1. Mind checking whether some residue in the range 170-180 is acidic (Asp, Glu) and surrounded by 15 or more Cβ atoms within 10 Å (Cβ to Cβ)?
2. One residue is enough: does the range 89-103 have a residue meeting the conditions touching a residue at least 24 places away in the same chain (Cβ under 8 Å), part of a helix (DSSP H, G or I) and not small (Gly, Ala, Ser)?
3. Report every pair of residues separated by at least 6 positions or lying on different chains whose Cβ atoms are under 7 Å apart, first residue within the range 196-220 and surrounded by fewer than 13 Cβ atoms within 10 Å (Cβ to Cβ), second of a type in the set (Asp, Glu).
4. Has the range 34-50 got at least one residue that is of a type in the set (Gly, Ala, Ser), in contact with a strand residue (DSSP E or B) (Cβ under 6 Å, 6 or more places away or on another chain) and outside any loop (DSSP other than H, G, I, E, B)?
5. Picking from Ile186, Ile168, Ile199, which residue would you name as being farther than 24 Å from Ile62 by Cβ and not assigned by TED's automatic domain parsing to the domain that holds Asn59?
6. Is there any pair with a first residue in the range 14-29 that is free of Cβ contacts under 8 Å to residues at least 40 places away in the same chain and a second that is among the β-branched types (Val, Ile, Thr) whose Cβ atoms are under 6 Å apart and which are 6 or more apart or on different chains, and what are they?
7. Could you grab me the full set of residues in the range 70-85 that are out of contact with any helix residue (DSSP H, G or I) (no Cβ under 7 Å at 6 or more places or on another chain) and either on the phi > 0 side of the Ramachandran plot or outside any strand (DSSP E or B) (or both)?
Amino acid sequence: MEVSDRFPQMMKADILSGLPKKFRKEFIDRCAVINYDSPTHILVQGEHSPGMYLIASGNVEILYLGEDGQQTFFARAGVGAIVGETEAITEQLCAATAEAMANTTLLFCSKRLLLEALESVEFVKNLMKVFHGHLLQLNYFKLVDRNSPVDHRLCAYLLMFSERNSTIYDSQSYLAGVVGCSRQTINKELGTLRDAGFISVEKGVIEILDRENLEAFLSV
């Protein structure tokens, strides 16, 4: 079975938006399928990128290691997103580490295939649109992390983690590390959101029940 038949959702990936069906199918079919059962670094900060990865299922986290040895969460990419493309094209060292989370499937696009695709103006436009989206997200979360109280920071990350799926499987300890507070504080804030009817909380599972009002709460 061709890769495009196994992962039909990738035909609608942003990087391939507006391109002829033949182009999209051939591009995806030339990618290699890689499955990850446990968290694995696919790109390492300070090393070269072998190509571009497209996320077919699961998630990839972007992590930055500071000079003090402190690892900082930057972003989480979901189905249809791409990582490694900028460093692969420019031959620069990776600006951060990309870690495929457990039960994630990626489509690997070699540097050769990526450079061939760059002959398409529409493909280049899509790359720039994706890059612009990354800039917007980076600016937004930089503002949130610097100026927002804990409850707003938590809401912002819950909304990001639930963009494609309303169910979040991250532990409270993990959320505490991302938001930058104690696990006890996360527990308290989740309880407040639960009491407001925005979310439900079970052991290891958070369900977004009212995304609209959660977004409205964040904008206050």
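The values are calculated or read from the model by the stated rules, or taken from the named source; none is laboratory data. This is a predicted model, so every value here is computed, not measured. Glycine gets a Cβ as well: all are built from the backbone with ideal geometry, and neighbour counts include every protein chain shown.
1. From the range 170-180, those acidic (Asp, Glu) are 170; that's our starting set.
Subset that is surrounded by 15 or more Cβ atoms within 10 Å (Cβ to Cβ): 170.
Yes, because at least one residue in the range 170-180 is acidic (Asp, Glu) and surrounded by 15 or more Cβ atoms within 10 Å (Cβ to Cβ).
2. Within the range 89-103, one or more residues are touching a residue at least 24 places away in the same chain (Cβ under 8 Å), part of a helix (DSSP H, G or I) and not small (Gly, Ala, Ser).
3. As it stands, the answer is Gly197/Asp210, since those pairs meet every condition given.
4. Step one: filter the range 34-50 for residues of a type in the set (Gly, Ala, Ser), giving 38, 46, 49.
Within this subset, residues satisfying the condition of being in contact with a strand residue (DSSP E or B) (Cβ under 6 Å, 6 or more places away or on another chain) are 49.
From the residues that got through so far, the ones that are outside any loop (DSSP other than H, G, I, E, B) too are none.
No.
5. Ile199
6. Close Cβ pairs (under 6 Å, with a partner that is among the β-branched types (Val, Ile, Thr)) amount to Asp29/Val3.
7. Step one: filter the range 70-85 for residues out of contact with any helix residue (DSSP H, G or I) (no Cβ under 7 Å at 6 or more places or on another chain), giving 70-72, 74, 77-78, 81, 83-84.
Result: Gln70, Gly78, Ala81, Gly84.
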